[in-house]
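A quick write-up on the structure given underneath.
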Amino acid sequence: MQDDRKPGPTPRRGRPRSFDLDAATASALSAFWTRGYEATTVEDLVRATGLAPSSLYAAFGSKHGVLEAALARYDRDREDLLAPLERGEAGLEDLRLFFASVRADLTEAGAPGCFMVNTATEVAPRDKRIAAHANRHRERVRDGIAAALTRAAALGELAPAGAEETLGRARVVQAALFGVQVAARAGATGEALATLGALESQVGLWAQPAEAPEGEGRRGTARRKAAAKGGAEAPGA
């Protein structure tokens, strides 16, 4: 079967589903993540989900509908990774933990890279709806990184910086991470890990201790920490 976004058979009304839609979506996500969108056929999705073709179409409408559901599921799965960047109480430590999670994903056997990056590079250039979804995810990651850098400055871990400089640094981090994930998808795990290590070193250079203003001492540091815990919005959010 080929998918050109034409809807499948109209589902019968009044009959409850006899399968777990969330589990089927997770299985479809795994299939797309492993093979890519174009290489994954409807027959592959049928095998992965265990659904009959009629049930697959009734639940998702089309192969494209399955992809959109898979992207939404991926967003939900990434919540635990991104929330500490966006709303954490630390600064650079939140960023370091984020990098550690990326490294753990890269070192898993057969790691296929980031599903959102994979889909953005393969599908988004010719699909406005997928491009919009990928852009929302990219902006969320960028703003989460900027939020962590803003907290780091408030805590005295970084020298004070304006909103544009902080956002620029967040873009540098995000661009490097994009390259890391593309390398991972291509099977160049060693290069991906080396790039991630270089990125961490660069952030470490930004994190050279900033001198406290004369007379501020420990009380000033405490005030900065209290201000950071009060929450600082990410520049450009």
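Here are some notes:
- Proximal charge balance of Gly36 [Cβ under 13 Å; K/R count +1, D/E count -1]: 0
- Cα gyration tensor shape of segment 100-199, rounded if a/c is under 1.5, else prolate or oblate by comparing a/b with b/c: oblate
- Between Ser30 and Arg87, the FRET efficiency estimated from the beta carbon spacing at R0 = 22 angstrom works out to 0.15.
- Computed over segment 116-179, relative contact order equals 29 percent, with contacts defined as Cα pairs under 8 Å that lie 6+ residues apart.
- Sparsely packed GluC sites (Glu not before Pro) within segment 113-215, loop by DSSP, other Cβ within 10 Å at most 12: Glu211, Glu214
- For segment 21-206, average projected area of the Cα convex hull in nm²: 10.8
- In this simple spin-label model, placing a label point 7 Å from the Cα along the Cα-to-Cβ direction at both Ser201 and Ser54 gives a separation of 6.1 nm.
- With Cα atoms as the point set, segment 116-174 shows a radius of gyration and Dmax of 14.3, 44 Å.
- Within the shell of other residues whose beta carbon sits under 14 angstrom from the beta carbon of Ala132, the net charge comes to +2, with Lys and Arg scored +1 and Asp and Glu -1.
- The modelled label-to-label distance between Ala131 and Ala194, using points 7 Å beyond Cα along the C-beta direction, is 3.4 nm.
- Student exercise, segment 68-168 dipole from Lys, Arg, Asp, Glu Cβ charges, in Debye to nearest 20: 340
- Separation between Cα centres of segment 84-109 and segment 134-161, rounded to whole Å: 13
- Nitroxide proxy distance, nm - points 7 Å out along Cα→Cβ at Arg138 and Leu21: 3.0
- Note, ³J(HN,Hα) from phi for segment 43-51, Karplus 6.51, -1.76, 1.60, rounded to Hz, x at Gly and Pro: 4, 4, 5, 4, 5, 5, 8, x, 8
All of the numbers you see were taken from the coordinates with simple rules; none came from a lab. Since the model is a prediction, treat every value here as computed from it, not as a measurement. Cβ atoms come from the backbone with ideal geometry, glycine included; neighbour counts cover every protein chain shown.
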